[in-house]
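Participant: Take a look at this one; I'll ask things after.
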Amino acid sequence: KSSKREWKPLEDHSCTDVPWLLLFILFCIGMGFICGFSIATGAAARLLSGYDSYGNICGQKNVKVEGIVNSGLDLTHKKYVFFLDPCNIDLVHQKIKSIALCVSACPRTELKTLADVQKFAETNGSTLCSYELQPTEYTTDPRAAKLCPKYPVPESAPIPFFHRCAPVNISCYAKFAEALITFVSDSSVLHRLISGVMTSKEIIMGLCLLSLVLSMILMVIIRYISRVLVWILTILVVLGSLGGTGVLWWLYAKQRLSADALETQIAKDNLQALLIYAIAATVFTVILFLIMLIMRKRVALTIALFHVAGKVFIHLPLLVFQPFWTFFVLILFWTYWIAVLLFLGTTGSPVPNEEGFVEFQMAGPLKYMWWYHVVGLIWISEFILACQQMTVAGAVVTYYFTREKRNLPFTPILASVNRLVCYHLGTVAKGSFIITLVKIPRMILMYIHTQLKGKENACARCMLKACICCLWCLEKCLTYLNQNAYTATAINSTNFCTSAKDAFVILVENALRVAAINTVGDFMLFLGKVLIVCSTGLAGIMLLNYQRDYTIWVLPLIIVCLFAFLVAHCFLSIYEMVVDVLFLCFAIDTKYNDGSPGREFYMDKVLMEFVENSRKSMKEAGRGGGAEGRELKPM
């Protein structure tokens, strides 16, 4: 049974969920304490300036570490960290298995022998062998084989701001990536993939920019052609999928019939990739046609909702740029989080290891700061995303429940941000914490499943996957409910639990329409994402096809398509959010108002026409006993 409490849109503003705001502030203070602790213990200096295997920080005087021979040196003039074997990477312990030294300069040319290393030390004053060897002993002392760098010493350059000598040649990183990607049996394949990315980096950047432009254009087009948008998207996706599939088969046939198609290994790889792409595109096109055939009867309701949402974007154009601000804030936070994570990796007290070198380890309760830091990553990231949802909901609610649109605030987005900061940060903190509580167990189960891969029995593997799937479904349901709870909070200024209950009641009363919107509407937006990905991928195929003779373009095309989908998702998710907020406002309006004096509708003329058309459809379907009339009955 629905709640009897009256909805009073935008009439009262009060602070909501203040205890949760205080808890969130205390949690953020704890995050700041971790950052301050890692800097105060010298981790920042070790991270930025670098340190050698003996615990000495490069570029400064050091304190003697008990039990370590080469510690406590004055390395004021040696500001760069140099690894004797920089490509020897231990993936298990996530570190470079090599002696690290502080040197005056990185070798800017390849040194092929110990004589070249000795000449480099005499010329540049930078000793690349261990501290106990003098440059004159490089070619005569038998210890040089262990205490000098593995030759040939690759050309290297210092990493900006971090004072580490890193190899310039990409092959070293290719070997590292090869170790990470265990399914690559032929190392030459990975080398060609990486070289293909490096050769096509200008095209990749241009295509990524193209996907951004296409997403912006689609958002602008939605504002003006929302009535025919669904049909336009449907036709374009049909043509795009057919065209992309046809082009792939045409390119495959053309290269297969060409005389020099199988002369080089790169040409063979490209031909095989074209065949795989063509088959995948064909299967995708067939599945897409079947889904569109099933969904065709529910397009009318989606068209009306898209038209209203398009009108919202006309009045609130700054909504288009909302993903930029959210992404910018997330990038700032993630940069801070990674920096503190690196600080934590170098903090602690110096402890000699089995090999006689120094490692920095934390003891006692401080070693659990990692877990606190990881929880902070999830909670604060969800908090930032929830702030975006509350901002969009507040702006759309302001638009909907303002009877005279000329009385709207100058910038409803800024007005929504102001209400969020002044009244509703606690509600956002509580909602994001609930998502965090579900996300953390799912991530732990995924980690356990990864660690036990190949070791557990079939029953345990099935149970783990079932739990992960259930938690994922619960997370998606709670995210949708949270978004509607933020809308209810923006309308009535109630706390999170009350808003979630009220929004849930409204959604249950309109369950059929919610299902229609979340299937047809989301599918139409998915078609928009597919259109952007297909357009960017088609442009990528045509551009990269000119480089098929000297570069392999499988990985560049995958990178471009993934980036295009990510950009399209960020922009069209705002449109989806606006549709969901409008639907909840519309459902509340039609439930508590009937157009009579004193209970006038808040909706504008476009929505009034939609109501009248729905009533007519309901009456006609009611006389005919049609199923669609029963579906529109909640109107």
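The values are calculated or read from the model by the stated rules, or taken from the named source; none is laboratory data. Only a predicted model underlies this, so the values are computations on that prediction, with no experimental measurement involved. As a convention, Cβ positions derive from the backbone with ideal geometry for all residues, glycine included, and neighbour counts pool all protein chains shown. What goes into the accessible areas is simple: the full protein's heavy atoms, side chains included, and nothing from ligands, DNA or RNA. Shrake-Rupley method; radii C 1.70, N 1.55, O 1.52, S 1.80 Å.
Participant: Suppose every Lys and Arg Cβ carries +1 and every Asp and Glu Cβ carries -1, with no other charges. What dipole size does segment 342-446 come out with about its Cα centre, to the nearest 20 debye?
Facilitator: 840 debye
Participant: Hey, another quick one. Could you give me the ³J(HN,Hα) list for segment 426-443, computed from phi with Karplus coefficients 6.51, -1.76, 1.60 and θ = phi - 60°, whole Hz, x at Gly and Pro?
Facilitator: The phi angles translate into x, 5, 5, 4, 5, x, 5, 5, 5, 5, 4, 4, 7, 6, 5, x, 5, 5 Hz.
Participant: Given labels modelled 7 Å from the Cα in the Cβ direction, how far is it in nm from S258 to L290?
Facilitator: If labels sit at S258 and L290, their model points lie 3.5 nm apart.
Participant: Here's another thing I want to ask about it. Which FRET efficiency, nearest 0.05, do C467 and M216 yield, Cβ-Cβ r, R0 56 Å?
Facilitator: 0.85
Participant: Right, another one. In segment 410-531, with Lys and Arg counted as +1 and Asp and Glu as -1 at Cβ, which of these residues, I413, T450, A490, has the Cα nearest the positive end of the dipole, that is, farthest along it?
Facilitator: Farthest along the dipole direction, towards plus: T450.
Participant: Can you pull the accessible area of D589 for me, 1.4 Å probe, Å² to the nearest 10?
Facilitator: 0 Å²
Participant: Here is a further query. Just to verify a number: FRET efficiency for L414 and D12, C-beta to C-beta distance, R0 = 22 Å, to 0.05?
Facilitator: 0.60
Participant: In addition: Go through K268/K529; K439/K465; K61/K367; K439/K529 and tell me which ones have a Cα-Cα distance over 21 Å in this structure.
Facilitator: Table pairs above 21 Å Cα-Cα are K268/K529; K61/K367; K439/K529.
Participant: Just order 101-111, 347-357 by mean Cβ neighbour count inside 10 Å, highest at the front, would you?
Facilitator: Ranking, from highest mean packing down: 101-111, 347-357.
Participant: Additional query: What is the dipole size for segment 459-540, taken about its Cα centre, with +1 at each Lys and Arg Cβ and -1 at each Asp and Glu Cβ, in debye to the nearest 20?
Facilitator: For segment 459-540, the charge dipole is close to 280 debye.
Participant: Can you tell me the FRET efficiency between L239 and A45 if r is taken as the Cβ-Cβ distance and R0 is 56 Å, rounded to the nearest 0.05?
Facilitator: Computed FRET efficiency for L239 and A45 comes out at 0.40.
Participant: In whole Å and largest first, what semi-axes does the C-alpha gyration tensor of segment 316-357 yield when each eigenvalue is scaled by 5 and square-rooted?
Facilitator: After diagonalising the Cα gyration tensor, the semi-axes are 43, 7, 4 Å.
Participant: Would you mind putting 129-137, 562-570 in packing order, based on average other-beta-carbon counts within 10 Å, highest first?
Facilitator: 562-570, 129-137
Participant: Here's something else I'd like to know. Jot down the per residue volume, in cubic angstrom and as a whole number, of the convex hull over the alpha-carbon atoms of segment 431-475.
Facilitator: Considering the Cα atoms of segment 431-475, their hull volume per residue is 47 Å³.
Participant: Distance check, please: which entries in K311/K501; K311/K405; K78/K112; K79/K112 exceed 18 angstrom between their Cα atoms?
Facilitator: Correct reply: K311/K501; K78/K112; K79/K112.
Participant: Turning to a different aspect of this structure: Report the full-extension gain for the segment L452 to V505: residue separation times 0.36 nm, less the Cα-Cα distance, to one decimal in nm.
Facilitator: 14.8 nm
Participant: Under the rule a/c < 1.5 gives rounded, and otherwise a/b versus b/c splits prolate from oblate, where does segment 22-61 land using the Cα gyration tensor?
Facilitator: prolate
Participant: Oh, and also: Note down the nm distance, to one decimal, between modelled labels 7 Å out along Cα→Cβ at T335 and at I444.
Facilitator: Placing both labels 7 Å beyond Cα along the Cβ direction yields 3.4 nm.
Participant: If each residue of separation counts as 0.36 nm, what is the full-extension length gain between L23 and N593 once their alpha-carbon separation is subtracted?
Facilitator: 201.3 nm
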